[in-house]
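So the structure is just underneath, and the comments pick up after that.
The values are calculated or read from the model by the stated rules, or taken from the named source; none is laboratory data. Just so it is clear, the structure is predicted and the values come from calculations on it, not from any experiment. Please note: Cβ atoms are built from the backbone with ideal geometry, for glycine as well, and neighbour counts cover all protein chains shown. Calculation scope for accessible area: heavy atoms of the full protein, side chains included, ligands and nucleic acids excluded. Shrake-Rupley method; radii C 1.70, N 1.55, O 1.52, S 1.80 Å.
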Amino acid sequence: MKLNTPRWWYVRDSNHARMTRTALKPLGWVWAAVTARRIARTVPIDPGCAVISVGNLTVGGSGKTPVARESLRLLRAAGVEAQGLSRGYGGRLEGPVRVDPQIHTADDVGDEPLMLAQGSPVWIARDRVAGARAAVAEGAQALVLDDGHQNPALKKTVSLIVVDGETRGDEWPFGDGSVFPSGPMREPLKAGLARADAVVIMLPTDVEEADPELLAVSGALPVFVARLTPEGPPPSGPQVGFAGIAKPWKVERSLKAAGCDLVDFVPFPDHAAYSDADMTFLTDRAAVFDARLVTTEKDWVRLTPEQRKDVVAWPVVARFENEAAFAAFLNDRIQSAR
């Protein structure tokens, strides 16, 4: 059974849920030790092409998949045969398989690969090395590795860390710094940043500038600021929103900031598989308010064709404040690695 992301994970003050945090600390130490040991003992394989890893230091909600999607777009626009590579979390296929949005479903390959495949060739593979070799055999000059920072199997040309830039109120992207399950971290902050080549800070659309304190966390690493930008306005009229992502409250906040008449919002666990009972509940809830249903593109691709009939997707894409600088950074690193 999947559980909703604890909101207190992203509160910097460790007094929030103090007893729970304390009880889970030992598990966090074990998690961090296992991750560090795996990374230290693995000898990365060179797949024969550039590898751009897009990852994060927390268990989700930073915007890494939109950054991977935008990285693919920019590289391909520059003439690089860039292809995506994902583990295919949530899908039944082990791969290597090239994702075909006309054939595959989220049950086959996972929701994030389906999103990436809308604009670029994308592969899924439990074995990243096998997936990389399959892509290279099909002409890939560069691979954009979605969620690869803690996976040491492939030799990386560039390692990008995506960080949620929301710091208003009591929110902080790294919480109190505790490692899962005591906090949101996949590994200690210092260890994760030590393997990074650059940081992408994903700002909410209604925040003008990144928090100086958050910028300082990156130290001497290059920092690029991006925003999740809606591809269009939210649907008109009263809406009941729902989302099954790591931080569903961000979707609620973004819809309201975009001017949506959001009368209710229902959060689900990350990568939730929507049952008929779930959809009946949502449809009935919308009927109470004489409203329609709206969700994210990531959630929409997990719905069946029948379920999609009563739901509107609200797609967002990552856009960099200095797109030229980010594209130049990627291309320079790829050229220097050849």
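Specify the residue with the greatest mean-square fluctuation among Val179, Val34, Val51, computed from a Gaussian network of the chain linking alpha-carbon atoms under 10 Å apart.
Highest fluctuation of the listed residues: Val34.
Which distance in nm do the two modelled labels at Glu209 and Lys155 give, with both placed 7 Å along the Cα-to-Cβ direction?
4.2
Find the eigenvalues of the gyration tensor of the Cα atoms of the stretch 1-137, then list the square roots of 5 times those eigenvalues as equivalent ellipsoid semi-axes, largest first, in whole angstrom.
32, 18, 16
Need one number: convex hull volume per residue for the stretch 111-185, Cα atoms only, in Å³.
For the stretch 111-185, the hull spanned by Cα atoms encloses 142 Å³ per residue.
My understanding is that a pair violates if its Cα-Cα distance is over 25 Å; which of Lys25/Lys298; Lys25/Lys256; Lys155/Lys190; Lys256/Lys309; Lys25/Lys250; Lys190/Lys298 do that in this structure?
Listed pairs above 25 Å: Lys25/Lys298; Lys25/Lys256; Lys25/Lys250; Lys190/Lys298.
Return the tail of the calculated pair distribution for the stretch 243-338, meaning the percent of Cα-Cα pairs more than 17 Å apart.
That fraction is 59 percent.
Are there trypsin sites (Lys or Arg not before Pro) in the stretch 37-94 that DSSP marks as loop and that have at most 12 other Cβ atoms within 10 Å, and which are they?
Arg92
Relative contact order for the chain: what percent, with Cα pairs under 8 Å and sequence separation of 6 or more?
This gives 22 percent for the chain.
Suppose we flag chymotrypsin sites (Phe, Trp or Tyr not before Pro) only when DSSP calls them loop and at most 16 other Cβ atoms lie within 10 Å. Which is the longest uninterrupted stretch of the chain?
No qualifying site falls inside 90-288, the longest such stretch.
Rounded to whole Å and sorted largest first, list the principal axis extents of the Cα atoms in the stretch 20-98.
51, 29, 27
Write down the accessible area per residue of the stretch 96-142 in Å², having rolled a 1.4 Å probe over the full set of protein chains.
41
For the chain, give the percent of accessible area contributed by carbon and sulfur heavy atoms, probe 1.4 Å, rounded to a whole number.
54
Given springs between every Cα pair under 10 Å in a Gaussian network model of the chain, which of Gly61, Gly148, Gly219 has the largest fluctuation?
Gly219
How long is the stretch 246-286 along each principal axis, judged by its Cα atoms, biggest number first, in Å?
30, 23, 9
How large is ³J(HN,Hα), in whole Hz, for each residue of the stretch 171-180 in order, when computed from phi with the Karplus curve 6.51 cos²θ - 1.76 cosθ + 1.60 and θ = phi - 60°, using x for Gly and Pro?
7, 8, x, 9, x, 8, x, 6, 8, 3
Specify the inter-centroid distance of the stretch 297-322 and the stretch 6-40, based on alpha-carbon positions, in whole Å.
Going from one Cα centre to the other spans 31 Å.
Report, to two decimal places, the Cα Rg of the stretch 63-216 normalised by 2.2 N^0.38 Å (N = number of residues).
Rg over 2.2 N^0.38 Å, computed on Cα atoms: 1.11.
Can you give the Rg/Rh ratio of the chain, where Rg is from the C-alpha atoms and Rh is the Kirkwood radius?
Looking at the chain, the ratio lands at 0.95.
Normalised by the residues of the stretch 229-338, what does the relative contact order come to in percent, with Cα pairs under 8 Å and at least six apart?
Here the relative contact order equals 32 percent.
Quick one: which residues, 5+ away or cross-chain, put their amide H under 5 Å from the amide H of Val200? H built at 1.01 Å from N.
Ile161, Val162, Val163, Phe224
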